[in-house]
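To start, the structure itself, in structure tokens.
The values are calculated or read from the model by the stated rules, or taken from the named source; none is laboratory data. Note that the coordinates shown come from a computational prediction; the quantities given were computed from them, not determined experimentally. Glycine also receives a Cβ, built like all others from the backbone with ideal geometry; neighbour counts cover every protein chain displayed. Accessible surface is based on the protein model in full, side chains and every heavy atom, while ligands, DNA and RNA are left aside. Shrake-Rupley method; radii C 1.70, N 1.55, O 1.52, S 1.80 Å.
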Amino acid sequence: MSKNPASEATVKVATHVPFMQDGGSTTGNPDSAQTGGAGQQTTPDSSLQTGATPAMSPGNDQMDMDQERDHAMDNISLQTHPSQYRHWQIEKNGQEMRVNMNVNPNHPLREGYELKLNSYDLGVDIELADIVRRLRFEHPEITSLVVSSAHEQVFCAGANIHMLGVSTHGWKVNFCKFTNETRCELEDWAEQADVATVCAITGPCAGGGYELALACEEIWLVDDGNSAVSLPETPLLGVLPGTGGLTRLVDKRKVRRDRADVFCTLAEGFKGKKALNWGLVDAIAPKSKFNDKLAEHLVSHREQRPGRADRKGISLGEIPFVDEDNVRKYSTLSVAYENDRRTAKLEIQVPSAEGAPSTVEEIHAAGDQFWPLKFARELEDAILDLRVNRHDTGLVLLSTQGSLDDIKAWDQILIDHQGDWLVDQITYLMSHVIQRVERTSCSFFALIENGSCFGGSLLELALACDRLYMLDEDGIEIQRSPMNEGLLPMTTGITRHACRLLGEEELCASSQGNFDRLDATDAEEMGLITEALDEFDFEDMVPVAIDERVSLSPDSLTGMEANLRFAGPENMESKVFGRLSAWQNWIFIRPNATGPNGALTLYGRPERPEFAWDRV
């Protein structure tokens with residue numbers, strides 16, 4: 001990745017290296033890394049500049065310092081590779097995979113703190129996200145995943161508190177969002193691929209460590225008088241378990257809310273039998289029998305999942321791009337940033353489907369070069385780059401170039417081969433990436449003009465935008481497909497068309513199965529676009545709408561969009577992102593947490609926090 005978007009071009013070249021061979025393991029030794037660790041630049045002039053500054057109370061000085069520190073954190077890479085891992089060890093035994101957390105304290109993503117006691121920062125979680133993604137595509141044969149710790153003293157101490165202390169509010173928010181998405185993808189992949197996920201806790205497991213455990217299907221705790229589970233954020237730090245802890249405790253594990261209240265206000269947490277009896281873990285065993293009982297349990301999971309031992313995964317190579325003159329170019333799309341206008345133009349280029357893979361064998365042979373998979377990965381990388389490195393961008397203008405016939409043909413390949421593990425995982429990934437777009441703190445407008453090809457999966461991406469403007473001229477059309485009828489659901493589980501038409505159920509129902517091409521008038525009548533505009537109105541009104549949008553308060557827009565985008569039913573994931581995260585983000589700027597005498601600010605120091613006792 002280039003050090004600065006306006007610097008000379010930097011090209012990422014894809015490499016294909018198997019993730020894990022049977023019986024193999026990674027060492028997690030940072031000295032063996034071929035390039036910089038997760039999140040860090042790999043170009044020679046890409047040293048990370050940081051300013052480790054103590055947390056401050058909100059105000060103008062804080063805002064200036066936030067901007068200075070955010071600038072220093074520009075150009076974090078969200079790509080990594082097993083050869084670069086510094087914090088995780090991977091072991092494979094037949095159809096069982098084990099991921100051991102072994103955080104190197106001397107390799108934080110930023111300067112100013114140590115990653116002691118298996119605590120983590122964004123760099124640690126970038127590696128975990130890469131592991132989950134490679135499990136999805138490179139190891140379809142596995143039946144179980146064990147998440148454990150290689151640390152002799154603890155399982156995981158949670159998110160690094162000193163990292164949070166030196167981070168800006170925006171950095172904390174993006175950190176929590178990314179870790180939330182990683183845990184959600186772990187859950188989604190396990191369900192979609194039918195893989196048993198077991199967290200084996202050997203040692204104290206606190207805060208974000210227990211939140212990682214909660215993302216697994218089962219939690220096993222060694223009963224040794226020392227190992228415990230806890231969520232100490234409220235009593236110790238004055239914040240919340242913001243990466244899903246509260247929500248998963250009551251919505252997923254169904255722990256009684258009064259017991260959850262006790263647990264979440266007891267810093268030391270619970271051990272052994274009480275943790276089991278209160279539903280905080282699924283199994284306990286003494287240290288002498290723990291590994292044997294777990295091994296027996298994993299055998300039962302393997303026996304319940306026959307017929308996948310011969311599956312062969314594909315290798316995920318690096319995602320190539322060129323970053324030059326404020327334009328980030330991939331093979332399937334480009335993002336042109338206009339910093340003076342605080343906008344970006346994201347254009348997707350759909351290639352001809354002539355000669356595209358037409359059989360399962362050909363799709364597998366194409367691997368990560370199969371266009372739908374390549375596009376999904378490149379779009380995700382662009383969105384993550386936008387979140388982490390392009391803080392001043394307030395509006396993304398989405399456009400497409402290509403033929404409706406071609407995007408229909410690419411989608412049809414996925415539709416025709418549903419049931420194949422690779423095709424299914426590609427579809428799940430596309431859904432996951434579009435959901436990332438909806439959770440991004442930035443406005444999105446889709447512009448449907450000459451040469452556009454908003455059909456099927458790309459129409460679904462457009463429907464994730466805040467507005468859709470369509471030029472009303474002959475030959476400009478959009479087209480629905482089965483991809484718009486449940487194959488790419490929202491976080492809440494419903495379709496985006498249904499979300500748009502909550503009060504127009506008959507109109508929504510009448511569109512089901514209608515895969516005809518639609519001009520602007522028909523698209524507007526079906527509720528698929530915001531406005532159909534003739535040439536003169538399009539040229540006049542769209543620029544005005546763009547200028548108006550970027551003139552509004554970014555904070556109010558983020559809150560407004562987060563509420564309007566997710567109309568309709570709620571589920572656990574929507575509660576995590578829409579409720580828990582919102583409260584956590586508010587608490588992060590309150591003086592009781594991050595003020596000069598706040599609990600998070602004073603953590604690890606002899607002074608006791610001073611709270612403002614009014615309940616707001």
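Being touching a strand residue (DSSP E or B) at 6+ places or on another chain (Cβ under 9 Å) and at pLDDT 95 or above: is that true of Glu460 here?
no
If I go through the range 599-616 residue by residue, how many of them are in contact (Cβ under 8 Å) with a residue 40 or more places away in the chain and over 19 Å from Tyr113 (Cα atoms)?
So the count comes out to 2.
Looking only at residues that are open to solvent by less than 20 Å² (accessible area, probe 1.4 Å) and among the acidic types (Asp, Glu) in the range 317-374, which one is nearest to Leu458 (Cα to Cα)?
Asp368
For residues that are open to solvent by less than 10 Å² (accessible area, probe 1.4 Å) and either basic (Lys, Arg) or within 16 Å of Asp534 (Cα to Cα) (or both), tally how many sit in the range 447-468.
2
Looking for something at pLDDT below 95 and β-branched (Val, Ile, Thr) - is there at least one such residue anywhere in the range 111-130?
no
Give the residue that is farthest from Val616 (Cα to Cα), with candidates limited to residues of the range 569-580 that are open to solvent by less than 20 Å² (accessible area, probe 1.4 Å) and in contact with a helix residue (DSSP H, G or I) (Cβ under 9 Å, 6 or more places away or on another chain).
Ranking the candidates gives Val576 first.
Any chance the range 468-491 includes a residue that's touching a Pro at 6+ places or on another chain (Cβ under 6 Å) and not basic (Lys, Arg)?
No; the residues of the range 468-491 include none that is touching a Pro at 6+ places or on another chain (Cβ under 6 Å) and not basic (Lys, Arg).
Restricting attention to helices (runs of 4 or more DSSP H) lying wholly within the range 560-602, give those where 2 or more residues are under 21 Å from the mean Cα position of the chain (by Cα).
So the answer is 572-575, 581-588.
Looking at the range 405-418, can you tell me whether even one residue there is under 26 Å from Tyr469 (Cβ atoms), in contact with a Cys (Cβ under 6 Å, 6 or more places away or on another chain) and either without any contact (Cβ under 8 Å) to a residue 60 or more places away in the chain or not in a helix (DSSP H, G or I) (or both)?
Among the residues of the range 405-418, at least one is under 26 Å from Tyr469 (Cβ atoms), in contact with a Cys (Cβ under 6 Å, 6 or more places away or on another chain) and either without any contact (Cβ under 8 Å) to a residue 60 or more places away in the chain or not in a helix (DSSP H, G or I) (or both), which makes the answer yes.
Could we say that Asn585 is closer than 27 Å to Gly456 by Cα and either in contact with a helix residue (DSSP H, G or I) (Cβ under 8 Å, 6 or more places away or on another chain) or open to solvent by 30 Å² or more (accessible area, probe 1.4 Å) (or both) here?
no
What are the residues in the range 242-266 that are open to solvent by less than 30 Å² (accessible area, probe 1.4 Å) and hydrophobic (A, V, I, L, M, F, W, C), if any?
Leu249, Val255, Ala260, Phe263, Cys264
Would you pick out the residues in the range 519-559 that are charged (D, E, K, R), more than 25 Å from the chain's Cα centre (by Cα) and assigned to a helix (DSSP H, G or I)?
Selection gives Asp522, Glu524, Glu525, Glu535, Asp537, Glu539, Asp540, Asp547, Glu548, Arg549.
Take the range 392-428 and flag every residue that is on the phi < 0 side of the Ramachandran plot and among the small types (Gly, Ala, Ser).
Gly394, Ser399, Ser403, Ala409
Could you check how many residues of the range 521-536 are at negative phi and free of Cβ contacts under 8 Å to residues at least 40 places away in the same chain?
4
Which of the numbered conditions does Leu236 fail, given that it passes all the others? Conditions: (1) touching a strand residue (DSSP E or B) at 6+ places or on another chain (Cβ under 7 Å); (2) in contact (Cβ under 8 Å) with a residue 60 or more places away in the chain.
(1)
Taking the condition of being of a type in the set (A, V, I, L, M, F, W, C), open to solvent by less than 40 Å² (accessible area, probe 1.4 Å) and either touching a residue at least 24 places away in the same chain (Cβ under 8 Å) or assigned to a loop (DSSP other than H, G, I, E, B) (or both), how many residues in the range 471-518 meet it?
Qualifying residue count for the region: 11.
Can you name the number of the only condition in (1) over 30 Å from Ala532 (Cα atoms); (2) surrounded by 22 or more Cβ atoms within 10 Å (Cβ to Cβ); (3) not β-branched (Val, Ile, Thr) that Trp410 fails?
Here Trp410 clears every test but (1).
From the residues in the range 213-231 that are open to solvent by less than 20 Å² (accessible area, probe 1.4 Å) and not hydrophobic (A, V, I, L, M, F, W, C), which one is nearest to the chain's Cα centre (by Cα)?
So, considering only residues that are open to solvent by less than 20 Å² (accessible area, probe 1.4 Å) and not hydrophobic (A, V, I, L, M, F, W, C), the one nearest to the chain's Cα centre (by Cα) is Ser230.
Please find, within the range 156-175, the residue that is surrounded by the fewest Cβ atoms within 10 Å (Cβ to Cβ) out of those that are among the hydrophobic types (A, V, I, L, M, F, W, C) and touching a Leu at 6+ places or on another chain (Cβ under 9 Å).
Residue satisfying both the conditions and the ranking: Ile161.
If I ask for residues that are touching a Gly at 6+ places or on another chain (Cβ under 8 Å), open to solvent by less than 70 Å² (accessible area, probe 1.4 Å) and either without any contact (Cβ under 8 Å) to a residue 60 or more places away in the chain or within 13 Å of Thr343 (Cα to Cα) (or both), which ones from the range 537-559 would you list?
Arg549, Val550
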